[in-house]
C-alpha cells in the first residue's frame, strides 16, 4: 500500500470538517482565516539519508527539505520546530556542536527561526521538522490547466548521483564526488521564487520523490495529460559530463528525486514574463513541456522524437 492508498482508505475521511487540511491532497495545512501555512516531514536514517556520519550536513538537508514544502506553495518559511531521536552515539557533544552550528547557519541563510521541538531515544537517528509560514494565499496542487506550460527551477539529477556515491554505487574522483555529495546534502532551494509563484503558477509542487512521480501528484486525478521533452530537462555541466563520458541515459538520473526544485505549471500567456523574471532574479527556470487535453497521455519525448511510456516513477512510500 502506498501513501495515497493509506490516506484515501484511512485518513481523508477524518478531515471532512477541516478545509485547511486540503483534503490531505497537498504538502501543507492552510488556514485561510488565520493565514497560517504548516508542513511536517519526518526523516529516518537508512531511509531518507544513508547514515549519520555527517550530522552537520544531515541537519541542513532535513531543514531545507522541509521548508521546500512552503516555498513551492509561494510561501516564505518563517519558523520551524525540530524533533530528534537517537542515542549517545548520535548526539554526543561533538555532534551536537556541529548540529547547533549548522542550524544557526540555516537560520541566517533563509531568515527562519527555530521555535521548539522535542527529543527521544531510539536505535537510529531520526528528525521531524514542522515548518510554518504566514500567507493569504497558496499555490495548490491539482489546479493544472489544459495546455499549461510546465516549468522546473534549477538543475535535476545531481542529488541522485551524490546519493549513489554515498552508497558506493558510483565513484568518479574526489573533486566530482564532493560536488555531487554536497548537492545531495545541500539542495539549492529557489527561495526567491516564493514571492512570484502565486502570480505565475496555476499549480506547483517541490521535487522530492522524482520529476515524474511528483508531476503525477501535481495532476493526480485531473483529466489532463502531459508531454515532457527530455532534451529540455535542465542538467548541470558536471552531470552532463558524467552521462556523456559513461554513456548513461539521463532518464535514469533525473527521475529519482531529492532535488527540491519547484515544479509548476503556468498559462502560456506568462511565457515572456517568466523569461524576464528568471533573468531579473537570477534564477534558472526552464520550460520542459506542456499539459494536454488527452487523459493519461503522460509521455516523455526523447531527442529522437520517439514517445516513451512513462516508467520512471521515482521514489514511492510503501507500507
Could you list all residues from the range 138-179 that are over 20 Å from the mean Cα position of the chain (by Cα), assigned to a loop (DSSP other than H, G, I, E, B) and either closer than 17 Å to residue 191 by Cα or in contact (Cβ under 8 Å) with a residue 60 or more places away in the chain (or both)?
145, 146, 147, 148, 167, 172
Boolean, residue 124 is assigned to a loop (DSSP other than H, G, I, E, B) and either on the phi > 0 side of the Ramachandran plot or not assigned by TED's automatic domain parsing to the domain that holds residue 215 (or both):
yes
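Which one of 9, 25 is assigned by TED's automatic domain parsing to the domain that holds residue 117 and loosely packed, with under 13 Cβ neighbours inside 10 Å?
Result of the check over 9, 25: 9.
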For the range 75-96, enumerate the residues that are outside any strand (DSSP E or B), surrounded by 20 or more Cβ atoms within 10 Å (Cβ to Cβ) and in contact with a strand residue (DSSP E or B) (Cβ under 7 Å, 6 or more places away or on another chain).
75
Any chance you could count how many residues in the range 59-74 are touching a helix residue (DSSP H, G or I) at 6+ places or on another chain (Cβ under 7 Å), assigned to a helix (DSSP H, G or I) and crowded, with 24+ Cβ neighbours inside 10 Å?
4
Quick check: anything in the range 36-53 crowded, with 22+ Cβ neighbours inside 10 Å, in contact (Cβ under 8 Å) with a residue 24 or more places away in the chain, more than 26 Å from residue 165 (Cβ to Cβ) and within 14 Å of the chain's Cα centre (by Cα)?
yes
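The values are calculated or read from the model by the stated rules, or taken from the named source; none is laboratory data. Remember, it's a predicted structure, so these values are computed and weren't measured experimentally. We place every Cβ from the backbone using ideal geometry, glycine too, and count neighbours over all the protein chains shown.
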